[in-house]
1. Got at least one residue in the range 228-238 being among the small types (Gly, Ala, Ser) and closer than 28 Å to Met115 by Cα?
2. Could you check Ile61 against (1) more than 18 Å from Thr209 (Cα to Cα); (2) surrounded by fewer than 24 Cβ atoms within 10 Å (Cβ to Cβ); (3) not acidic (Asp, Glu) and say which number it fails?
3. Looking at this structure, is Pro123 within 25 Å of Phe4 (Cβ to Cβ) and either open to solvent by 60 Å² or more (accessible area, probe 1.4 Å) or outside any helix (DSSP H, G or I) (or both)?
4. Does the range 105-119 contain any residue that is open to solvent by less than 60 Å² (accessible area, probe 1.4 Å) and without any contact (Cβ under 8 Å) to a residue 12 or more places away in the chain?
5. Scan the range 44-92 for residues that are among the β-branched types (Val, Ile, Thr), part of a helix (DSSP H, G or I) and over 20 Å from the mean Cα position of the chain (by Cα) and jot them down.
6. Which one of these is touching a Leu at 6+ places or on another chain (Cβ under 6 Å), surrounded by 17 or more Cβ atoms within 10 Å (Cβ to Cβ) and over 19 Å from Ala45 (Cβ atoms): Cys196, Cys149?
7. Would you confirm, using the coordinates I've provided, whether Leu95 is open to solvent by less than 20 Å² (accessible area, probe 1.4 Å), closer than 30 Å to Ile185 by Cα and more than 21 Å from the chain's Cα centre (by Cα)?
8. Just one of Leu148, Leu163, Leu156 is closer than 20 Å to Gly298 by Cα, in contact (Cβ under 8 Å) with a residue 60 or more places away in the chain and outside any loop (DSSP other than H, G, I, E, B); which is it?
Amino acid sequence: MEQFAPLIATAINAGTPLLLAALGLLINERAGVLNLGAEGMMLVAAVFGFMIGYQTQSPLIGFAAGALAGMAMAALFSWLALVLATNQVATGLALSIFGTGLSAFMGQRFVGLAMPAQARAIPGLADLPFFGPAFFQHHWMVYVSVLLCGAIMWFLFRTRAGLTLRAVGESPESAHALGYPVRLIRFGALLFGGGCCGLAGAYLSLVYTPMWVENLVAGRGWIALALTTFATWRPGRVLVGAWLFGAVTILQFYLQGIGVSVPSQILSMLPYAATIVVLALISRNPAWIRLNMPASLGKPFRPGNA
């Protein structure tokens, strides 16, 4: 069992940015907004988080900068999609492309620089056989992501505000008729989602790598988007799915380490191939998707026409 502890730990570490981003996107989509700009938001957050974290030598400040950068990108998306009522799919794709270019430009001076190692252990629990190396020797953001998952579950299904958010995602016209500020609620959901994507991007550049290189996110934003559908918009399933995708991500290194003679290019394809397979399997049952998907997802809302 001891030999599997590092493998589990690495899978959790690799799945944490996916979990953070997917939880933010889940809140977006529960409110009825489809934001395909996760990749761009994570890249901008990663470069700003690393820039500020490296210059201040404070990972905590770097995480705050990453979250703010993600929220700024989400605010731009909100203005376009909610105020100007642009097409959400096209706006999200444009945001992703914009973020890719902006991050590459802003990070030129920081390519190859590295952050110092950070403490990764819970005193008293880190020394437990198997469980210590597997679950209690992680960066503190790993535990924050798990707590955030539980908090979102409680918020969505145990609070009146969560019920209101889900109602906006199901029928914004009805929510507006009852007096709820639909666009304001969606704006808050998008800011929260941007903050989560920002934390995910900052985690990649401050903890997971920890350095800045161009295109550091490497498609994880798209995987996080697929993960929300895979989890049928439920936070608990997002947690399990993120760690499973994390395991697939590091499987390539594990197989190379034990000497499996498979071309590295094929191993690198595993996370994206798994994403395609999962989406293909889910799409075979469209009625099941419609049953779980927020009814107004991706549809613009104009109060004047309600």
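The values are calculated or read from the model by the stated rules, or taken from the named source; none is laboratory data. Since the structure is predicted, the reported quantities are computational estimates derived from the model, not experimental observations. When we count neighbours, we look across all protein chains shown, and the Cβ atoms used for this are built from the backbone with ideal geometry, even at glycine. Only protein heavy atoms, including side chains, enter the accessible area calculation; ligands, DNA and RNA are left aside. Shrake-Rupley method; radii C 1.70, N 1.55, O 1.52, S 1.80 Å.
1. Checked the range 228-238: no residue is among the small types (Gly, Ala, Ser) and closer than 28 Å to Met115 by Cα.
2. With (1) more than 18 Å from Thr209 (Cα to Cα); (2) surrounded by fewer than 24 Cβ atoms within 10 Å (Cβ to Cβ); (3) not acidic (Asp, Glu) applied to Ile61, the lone miss is (1).
3. yes
4. no
5. Matches in the range 44-92: Ile52, Thr56, Val83.
6. Selected residue: Cys149, the only one of Cys196, Cys149 that is touching a Leu at 6+ places or on another chain (Cβ under 6 Å), surrounded by 17 or more Cβ atoms within 10 Å (Cβ to Cβ) and over 19 Å from Ala45 (Cβ atoms).
7. no
8. Selected residue: Leu156, the only one of Leu148, Leu163, Leu156 that is closer than 20 Å to Gly298 by Cα, in contact (Cβ under 8 Å) with a residue 60 or more places away in the chain and outside any loop (DSSP other than H, G, I, E, B).
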